[in-house]
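Engineer: Quick one: this structure, given as structure tokens, is what I'll be asking you about.
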Amino acid sequence: MDNSITTIDQYIAMAEEEDREALKEFRRVIHEAAPDATEKISYQMPTFYLHGNLVHFAAFKGHYGFYPAPTGIEAFKEDLSKYKGSKGAIQFPKDKPLPIELIERIVKFRVLENIRANEEKKARKKKAKTDEVK
């Protein structure tokens, strides 16, 4: 993929033909699990954003990468144990069906996590303003 890609539509169109359906499926599942999230390209990958990066996904040679932040992986480490991965990434093999229900659960977890973090940030700012006035 090149740096001129600015939308998920472009990313999918530029992907290998055999990857397009899986990428569309990722997008659909994430949209359904996070309807208020917006789409963008970040780190040259399709990204969903809700009060910060929510999840990324991408096509690679032998797998699809899914990036739900380290907290998303830690929270589902037992379910994810059969997949290769790292602290912030999961590799779903291309020769197996995408685990749609698991992806959906992880995205919903990340939505709640980002909303909670945003509310805490707002509360801290409000408290800081209140403290300034005193």
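Here, each number is a calculation from the coordinates, and none is a lab measurement. The structure presented is a predicted model; accordingly, all values stated were derived computationally and were not measured. Neighbour counts are summed over all protein chains in view; Cβ atoms, including those assigned to glycine, are modelled from backbone coordinates with ideal geometry.
Engineer: In deg cm²/dmol and to the nearest 500, what is the mean residue ellipticity at 222 nm of the chain if only DSSP H runs of at least 4 residues count, each as -39500 (n - 2.57), divided by the residue total?
Structural biologist: -15500 deg cm²/dmol
Engineer: Ranked from highest to lowest mean number of other Cβ atoms within 10 Å per residue, what is the order of the peptides 67-73, 78-84?
Structural biologist: Output ranking for 67-73, 78-84: 67-73, 78-84.
Engineer: Just one of (i) 120; (ii) 130; (iii) 106 is volume of the Cα convex hull per residue in Å³ calculated from these coordinates, so which is it?
Structural biologist: Answer label, from the structure shown: (i).
Engineer: Now for a separate question. With 10 angstrom as the radius, rank Leu112, Leu23 by how many other C-beta atoms surround their C-beta, starting from the fewest.
Structural biologist: Neighbour counts put them in this order, fewest first: Leu112, Leu23.
Engineer: May I ask for the angle, rounded to the nearest 10°, between helix 20-33 and the longest principal axis of the chain, with both axes built from Cα atoms and the value confined to 0 to 90°?
Structural biologist: 30
Engineer: Now a separate question. Which of Val107, Val29, Val55 ends up with the largest GNM mean-square fluctuation for the chain, with Cα atoms connected below 10 Å?
Structural biologist: Taking springs between Cα atoms under 10 Å, the residue moving most is Val29.
Engineer: With 32 Å as the limit, write out which pairs from Lys77/Lys126; Lys40/Lys84; Lys24/Lys127; Lys87/Lys121; Lys82/Lys126; Lys96/Lys122 have Cα-Cα distances beyond it, or answer none.
Structural biologist: Exceeds cut-off: Lys77/Lys126; Lys24/Lys127; Lys82/Lys126; Lys96/Lys122.
Engineer: Whole-Hz Karplus ³J(HN,Hα) for segment 86-99, in order, using 6.51 cos²θ - 1.76 cosθ + 1.60 and θ = phi - 60°, x for Gly and Pro?
Structural biologist: 9, 3, x, 9, 10, 10, 9, x, 5, 8, 10, x, 5, x
Engineer: Right, something else. For the chain, calculate the relative contact order in percent as a whole number, restricting contacts to Cα pairs under 8 Å that are 6 or more residues apart.
Structural biologist: The normalised contact order for the chain reaches 20 percent.
Engineer: To continue, here is another question. So what's the angle, to the nearest 10 degrees on a 0 to 90 scale, between helix 100-133 and the longest Cα principal axis of the chain?
Structural biologist: Taking Cα atoms only, the helix is inclined about 20 degrees.
Engineer: Follow-up question, since we're still on this one. Fewest to most neighbouring Cβ within 10 Å: what's the order for Glu132, Glu16?
Structural biologist: Fewest to most other Cβ atoms nearby, the residues stand as Glu132, Glu16.
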